[in-house]
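*Asks:* Pasting a structure here, questions to come.
The values are calculated or read from the model by the stated rules, or taken from the named source; none is laboratory data. Just so it is clear, the model here is predicted, and its values are computed rather than measured. A quick note on method: Cβ atoms are made from the backbone with ideal geometry, for glycine too, and the neighbour counts reach across all protein chains shown.
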C-alpha cells in the first residue's frame, strides 16, 4: 500500500517557559516535575491511511485539539516529525505551508470560526479568494458547495442570522470548497443541541460517502466517535492510550482508562458480527450466514430466534470467514459479557 | 473617555507576587506602613524643629526641568529644523481644513463650491440617522442641525465640525496603524504603554503649548492638537479589538491559506470591527472635547464663541451655545455608537437594485430637492444674523430672576465653603512640611499595595517636589480632594437611591452616559451662572464633573451583585439598611473605587481647565505658560499633573484589585 | 476629470497673467487675530470691514494676546490692532528682534494700565491715590478668599501682569486674585458699587469703564526701565503690529492700515457698545462705523 496520508512520529507539544528542554527531560525521565510547563501532546505516534477516518477522542484538556493543530501546523511541534503525504510539514516555509493548506487541507472548528462581516456565500468563497481564483469562478464553486450542505437559500445571510447548525454547515461548506484531500474536524458538533448534533452527524456521514478523503475528527463524545470512526484514538494527558477499531476498543480495552470509557456503552450497538467471529478451524457451520459488518444489536431478533449454537459469518463478498457463537453474542446483547 | 481611563490603569502592574512568607511578610508590611504613618505625624507635629529644607523642597533639590525641556525644544526647532517639517505637515492639514471649511461654511478657498445649504446637510444627517438607528436617531440628528441653523449658530458649528471632519479620520488612521504596530511587535507596545498612560493623564493645556510652538495658532493648530489628543484611545481600542478576535477565526483564516497581510486586513481587522468603531466613537468625542477647548489657541467655532460669551459673562448666549455643543455631542455619540453596534442584515436574494439602495436614492432625491429649493429660498441656504432666533434674552431674564432669588443661598454656600472648608483645608495642606506629605503618601501606598506601591508613589511625588511647583501642586491636590469628597457626599446617597429599582438605575446610567459625552467646558456654564467667577465656581464645576463617574460606577457596583447573594441575605432576615451596609456596599466597593479613580482623574482635568475662571494652582501657571508659549514650563507642569493623576490611579486601582484578590483567595 | 484639468489650467493662467500686472491685493484672506477684551475685538472688526470694503477677504481667529506676536511674525495671522505698551511691549519687542513683524501705525490714544479704584473707595480710604495710603487701608479690601490681606483683583492670568512681583517688591499687604475675564472685573465693580464696598482692581485707559464708574489710578513710584517696585508707564503707546509680508501681499489694505489711528474716546466707545449696550462685536463694529463715517472714510479713500 502507498504511504500514509498523515504520519506522526514521537510528536511532543509542550507549553511553558522552556518547552524544548522540558520535552527532552521528560523523554529521559517521564515522571519529572512540571516546572511551570504544560504538556499538551506527549510522544504521539500515529498513522492515518489515505481515505481513512480517524476519530481522536478524549476529555477536555487531553490534548486532542492541540494534536490536530499540530497536524495542520497551526501550532509548531516541540519535538517529533509530522509528515503529510510523506512531506515533513515542520520544515515547510511559510509560503509552502500556505500553498499546502490552499491545496490540500480543510478544517472545521468547534465554534465555527466564520467571518462575521461576510455573507454566507463570501465566507464559503474565502479560501478560493485566498487562492486567487476569479470572482465568478469562486462564487460558482461556493454556490455548488452550499447546495451540497443544503444552504443554497441562505447565501445572502450573515453568520449571526443563522442557527448554530446552519453556521456549522457553512463552516463545513467552507472547508470543502477547495476539495481538500485531508479534512480536519475539531469537535464540529459539540456546540450544537443534541437533536441537531444527530442530524449533523447523519449529514456528515452522507458527505463522507461522496468522496474518499482522509479525515481526522476530534470529539469528546464517545458515542459520536463510535458512530463515525474507522479507528479511534483515545487520548489522556496528551498521550494516546489506545488507537484501534471501535470493536477492539470495546472488546479489548488496552488500559483501565479506556475500559472505564467503554463501561456505560451499549456494546451491542458497537460490536459487529465480524469482531466476535472466530475462525472455523475445520468445524462445519450450516445455514444462512450473517454479514460481518452488522452490529449485534441489529442481529438481536435473529439471535433470539436462532437455534444454531454457531452461526456462519460472511464478509462483504459473501465468503464465510468464521462463525459467531450465539451464547456469546446473546451475552453481549444482554450486557453480561465478561 | 471614561472607559479608557479605566484601561489606562492596566499599567499599574500586578503586585509583588511572592507571598511565600505568608503571615510573616504580611505583618512586616502592616507594621511598615504604620511606622511610616507615625513618622509622618512626627514630622508634622515637630514642624518647628525641622530645618527649612525639610519643610519646603530646598533649592538644591529643585532642578531646572523647564530650562532643559526648552533647550531640547529649541534644539529640535532651530538646530534640527523640525519646525519646517511640522509646518509642512501643518500646511497639509490646513489644505484639508480649507476644503472642508469651504464646503461647510463657505470659507474662501479651493474648491469654491460651498457653503452647502444647511437644509441639505440637515436632511443628509436625518437620513444618516435613520439608516443607522431608525426614526429616533433621524429626529435627533436632523433636529440638531435644524436647531443650529435656526438659532443662527450655523457658521460657528460648521467651523467646529470642519475640524472634526479632518481630525477624526486622521486620528483613527494614525491610531489604527500605531495599534497594529503595537499588536504586532510587543517591544513597541511595551515602549508605548507608559507613554500612553502619561498622555492620557496630561491635562489638555499641556498638549497645546508644544503645538503652538511647532504649528502656531488657529484652525490648523486646533486640528493638530485635537489629533494628538484623540489618538491614544484609538490605539488602545485597536489593540483590544485585535486581541479579542476569536482564535478560531484566525485559525480558520490560516487554514484557508491566508497570508499574514490577508489575515490582518481581511480577517483580523474586519472581525474587530465593533471595537474599532467604538474607537471611532471615542475619537470623535475626544475631538469634540478638544476642539472646543482649542479655542484657547485660536480655534474658531463654537468653543471660541462660548469662551467669549463666558468671559463677557453673557449667560444667555453662552447657554444657547452650550445647548448646541451638547446636542452635537449627543448626536455624534449616538450616531457613531449606532454605527458600531449595527450588524449587517441580508437582502433576500433577487431583491432589485433600487430596493437594495433605497436609502441612497431617497437621500439623493431629498438632498437635490433641498438644494434646488435653497437656491430659491435663501433662508434654507443660510440663516442670516437678523433672521436667527434667540432665546438669550429670555434665558438671561429667567437666570437673573433665579439668581436674585437664589443669591442669599448661593452666597451663603459660597461663604460657608470658603471660610469653613476651603481656606482651612488649604492652609492645613500648605502648612504641612513636604517631607511629612511624602512620608504619608508612602505610608498610604504601603498600606494599600505593599512596599512596591510605596516606592511607586514616591517616584511620582518626588519629581513634583523637584519641579519647584510644590505649593501649586498641593493647591491642586486640595481642590481635587475637596471636590471629590464633596462629590462623594452628594453622589453616593444619590446612587444608592438610584440603584433602588431597575428602571431608575437604568435612567440614571443613561443620564450619566449622556453627561459624560459633554465636553468638559460645558460644565463651566452653569457654575459661572450660579457662583460667578470664583473659587467656589471652580469647585462646583469640578464637583459636578467628578460626580458623574462616581454615580455611574456606584450604581453599576450595587446592581452588579449576584441576586443570589442578596436573596440569601433576605432569607437571613436582613433589613434594607443591614443589607446595604453589610452586603451591598462591601461587595460593590471595588467597583466604587474604580469610580473614585475616574472621578479623581476627571477632577484633575477639570481643575486645570477651570483655571481660566481663576484658580491659584498648577492650572493657573499652565495657562500662564500657554500665554507665554513657554513649552518647558508647560510640559513640566503637565507632567506634574499627570504624575498626580497616575499616582491616584495606581493607589485606587491597586486597592480595588487587592480587595478582589483577597476575595478570590478566600473563596 | 479632463474637464477639471482644463479648468485648473485656465484658473492658473489667469492667476499668473492677472495678478502681477495689476499689483492688486492677493485674494487670500487677511487673517486678523482677536483677543479677550472688547475694544480690540470691535476694532478688529472695524479694520476688517474697512478691508472688505476694498474687496479683500478677511478672516478672524481668536488668539492668545501674548503668543500672537510670534504668529504675526511667522505670517500665520497678519496684524494686531491694539499693541498696548504696558502689556505687550515685551512680547512685541521680542518678536521684532527675531524679525518678520513691525509697527504699521501708532494710535493717537495714550494708554495706561494699572491698579485703579472707583471714587467711592476714596471715601473709605482718603489718603488715595498714594500707594502707601492704599497699603495702610489694606484690611478694608479683605475678602474671605484673602483672609486678613487686602484683595487686588487682577486681570485674567494670560495678560501676564507682574502684580505679584510688585506686591513683593513694595511689601504690600495685598493678595492678587485673578479674575477670569475682563467682564468678571466689571461684574465685581458693579457688585461693589451696589454695596459701596471699597475695591481696587486692574483697569486701563482707553476703556468704557471711566465713563461708567469715575475713578483714579493708584500712584506708584514712577516707572523706569527694568524696575520692580514701581507702577506701569503712565503714558504708554498703542500701536498696530503687522506682518512684514503684508505690504507686498496686500499693498492696498496695508496702505489703509498705516493710516488707521484711533483716540481714547473712540476706543472707549467701541468697548462701551459691547460691554454696556450688549451688542455682538460684529454689530458693534457696524454701528460704530455708521456713526463715525467721517473718521474712517478718509483712511479708506
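*Asks:* Working only within the range B:628-644, note down all residues that are closer than 17 Å to residue B:612 by Cα and surrounded by fewer than 22 Cβ atoms within 10 Å (Cβ to Cβ).
*Replies:* Scanning the range B:628-644 gives a single hit, B:628.
*Asks:* Output the helices (runs of 4 or more DSSP H) that fall wholly within the range B:337-441 and possess 1 or more residues being more than 30 Å from residue B:465 (Cα to Cα), or say none.
*Replies:* Where helices (runs of 4 or more DSSP H) fall fully within the range B:337-441 and carry at least 1 residues being more than 30 Å from residue B:465 (Cα to Cα), they are B:353-356, B:358-376, B:378-381, B:392-416.
*Asks:* Six or more apart or on different chains, Cβ atoms under 7 Å: show the pairs whose first residue is in the range A:140-159 and within 8 Å of chain B (Cβ to nearest Cβ) and crowded, with 20+ Cβ neighbours inside 10 Å and whose second is assigned to a helix (DSSP H, G or I) and at pLDDT 90 or above.
*Replies:* Filtered contacts from the range A:140-159: A:155/A:120; A:155/A:121; A:155/A:143; A:155/A:146; A:157/A:120.
*Asks:* Taking the criterion of being assigned to a helix (DSSP H, G or I), within 14 Å of chain A (Cβ to nearest Cβ) and within 24 Å of the chain's Cα centre (by Cα), would at least one residue in the range B:228-243 satisfy it?
*Replies:* Yes: the range B:228-243 contains one or more residues that are assigned to a helix (DSSP H, G or I), within 14 Å of chain A (Cβ to nearest Cβ) and within 24 Å of the chain's Cα centre (by Cα).
*Asks:* Tell me the residue from B:489, B:558 that is without any contact (Cβ under 8 Å) to a residue 40 or more places away in the chain and assigned to a helix (DSSP H, G or I), please.
*Replies:* Criteria check complete, one pass: B:489.
*Asks:* Test residue B:316 against the stated conditions and say whether it is in a helix (DSSP H, G or I), within 14 Å of chain C (Cβ to nearest Cβ), within 30 Å of residue C:188 (Cα to Cα) and in contact (Cβ under 8 Å) with a residue 24 or more places away in the chain.
*Replies:* yes
*Asks:* Would you please name the residue that is nearest to the other protein chains (Cβ to nearest Cβ), looking only at residues in the range C:239-261 that are outside any helix (DSSP H, G or I) and in contact with a helix residue (DSSP H, G or I) (Cβ under 7 Å, 6 or more places away or on another chain)?
*Replies:* Per the stated criteria, the residue is C:243.
*Asks:* Could you check the range B:492-521 and list, in sequence order, the residues that are under 12 Å from residue B:547 (Cα atoms) and either more than 17 Å from the chain's Cα centre (by Cα) or touching a residue at least 40 places away in the same chain (Cβ under 8 Å) (or both)?
*Replies:* B:492, B:493, B:494, B:495, B:512, B:516
*Asks:* Sticking with this structure for a sec: Among the residues of the range C:165-193, what is the count of those that are over 26 Å from residue C:39 (Cα atoms) and assigned to a helix (DSSP H, G or I)?
*Replies:* 5
*Asks:* Going by the conditions given, is residue C:34 on the phi < 0 side of the Ramachandran plot, surrounded by 22 or more Cβ atoms within 10 Å (Cβ to Cβ) and within 13 Å of chain B (Cβ to nearest Cβ)?
*Replies:* yes
*Asks:* Residues that are within 10 Å of chain B (Cβ to nearest Cβ): which helices (runs of 4 or more DSSP H) entirely in the range A:16-126 hold 1 or more of them?
*Replies:* Answer list for the range A:16-126: A:64-71, A:94-104.
*Asks:* So which residues in the range C:140-160 are more than 11 Å from chain B (Cβ to nearest Cβ) and either in contact (Cβ under 8 Å) with a residue 24 or more places away in the chain or part of a loop (DSSP other than H, G, I, E, B) (or both), if there are any at all?
*Replies:* Across the range C:140-160, the qualifying residues are C:140, C:141, C:148, C:149, C:150, C:151, C:152.
*Asks:* Just to verify a result, which residue in the range B:244-270, among those that are part of a helix (DSSP H, G or I) and either within 28 Å of residue B:164 (Cβ to Cβ) or more than 9 Å from chain A (Cβ to nearest Cβ) (or both), is nearest to the chain's Cα centre (by Cα)?
*Replies:* Per the stated criteria, the residue is B:244.
*Asks:* Counting only residues that are surrounded by fewer than 21 Cβ atoms within 10 Å (Cβ to Cβ) and either at the interface with another protein chain (Cβ under 7 Å from one of its Cβ atoms) or not in a loop (DSSP other than H, G, I, E, B) (or both), how many does the range C:92-102 have?
*Replies:* Of the residues in the range C:92-102, 6 are surrounded by fewer than 21 Cβ atoms within 10 Å (Cβ to Cβ) and either at the interface with another protein chain (Cβ under 7 Å from one of its Cβ atoms) or not in a loop (DSSP other than H, G, I, E, B) (or both).
*Asks:* Further, regarding this structure: Consider residue A:129 carefully, then state whether it is assigned to a helix (DSSP H, G or I), closer than 21 Å to residue A:72 by Cβ and at the interface with another protein chain (Cβ under 10 Å from one of its Cβ atoms).
*Replies:* Yes, satisfied.
*Asks:* If we keep just the residues of the range C:52-87 that are farther than 21 Å from residue B:90 by Cβ, in a helix (DSSP H, G or I) and in contact with a helix residue (DSSP H, G or I) (Cβ under 7 Å, 6 or more places away or on another chain), which is farthest from the other protein chains (Cβ to nearest Cβ)?
*Replies:* C:53
*Asks:* Also, I was wondering about something else. Mind listing whichever residues of the range C:53-69 are within 26 Å of residue B:311 (Cβ to Cβ) and at pLDDT 90 or above?
*Replies:* C:58, C:69
*Asks:* Limited to the range A:262-282, what total is found for residues that are part of a helix (DSSP H, G or I) and touching a residue at least 60 places away in the same chain (Cβ under 8 Å)?
*Replies:* Of the residues in the range A:262-282, 2 are part of a helix (DSSP H, G or I) and touching a residue at least 60 places away in the same chain (Cβ under 8 Å).
*Asks:* Quick one: would you say residue B:326 is free of Cβ contacts under 8 Å to residues at least 60 places away in the same chain and either surrounded by 19 or more Cβ atoms within 10 Å (Cβ to Cβ) or away from chain C (no Cβ under 14 Å) (or both)?
*Replies:* No: the conditions fail for residue B:326.
*Asks:* Now for a separate question. Tell me, which residue of the range C:164-187 that is in contact with a strand residue (DSSP E or B) (Cβ under 7 Å, 6 or more places away or on another chain) and within 13 Å of chain B (Cβ to nearest Cβ) is modelled with the lowest pLDDT?
*Replies:* Ranking the candidates gives C:179 first.
*Asks:* From the list A:51, A:16, A:63, A:80, exactly one residue is out of contact with any helix residue (DSSP H, G or I) (no Cβ under 9 Å at 6 or more places or on another chain) and more than 24 Å from residue A:205 (Cα to Cα). Which is it?
*Replies:* A:63
*Asks:* Looking at (1) over 19 Å from the mean Cα position of the chain (by Cα); (2) under 16 Å from residue C:85 (Cα atoms); (3) loosely packed, with under 15 Cβ neighbours inside 10 Å, find the lone condition where residue C:235 falls short.
*Replies:* If we test residue C:235 against (1) over 19 Å from the mean Cα position of the chain (by Cα); (2) under 16 Å from residue C:85 (Cα atoms); (3) loosely packed, with under 15 Cβ neighbours inside 10 Å, just (1) comes out false.
*Asks:* Being within 14 Å of chain C (Cβ to nearest Cβ), closer than 22 Å to residue B:56 by Cα, in contact (Cβ under 8 Å) with a residue 40 or more places away in the chain and buried (at least 18 other Cβ atoms within 10 Å of the Cβ) narrows it down to one of B:422, B:417, B:444, so name that one.
*Replies:* That would be B:422, the only listed residue that is within 14 Å of chain C (Cβ to nearest Cβ), closer than 22 Å to residue B:56 by Cα, in contact (Cβ under 8 Å) with a residue 40 or more places away in the chain and buried (at least 18 other Cβ atoms within 10 Å of the Cβ).
*Asks:* If I ask for residues that are modelled with pLDDT of 90 or more and loosely packed, with under 14 Cβ neighbours inside 10 Å, which ones from the range B:487-508 would you list?
*Replies:* Hits for the range B:487-508 are B:489, B:493, B:497, B:503, B:504, B:506, B:507.
*Asks:* Could we say that residue A:147 is in the same structural domain as residue A:54 (by TED's automatic domain parsing), part of a helix (DSSP H, G or I) and in contact with a helix residue (DSSP H, G or I) (Cβ under 6 Å, 6 or more places away or on another chain) here?
*Replies:* no
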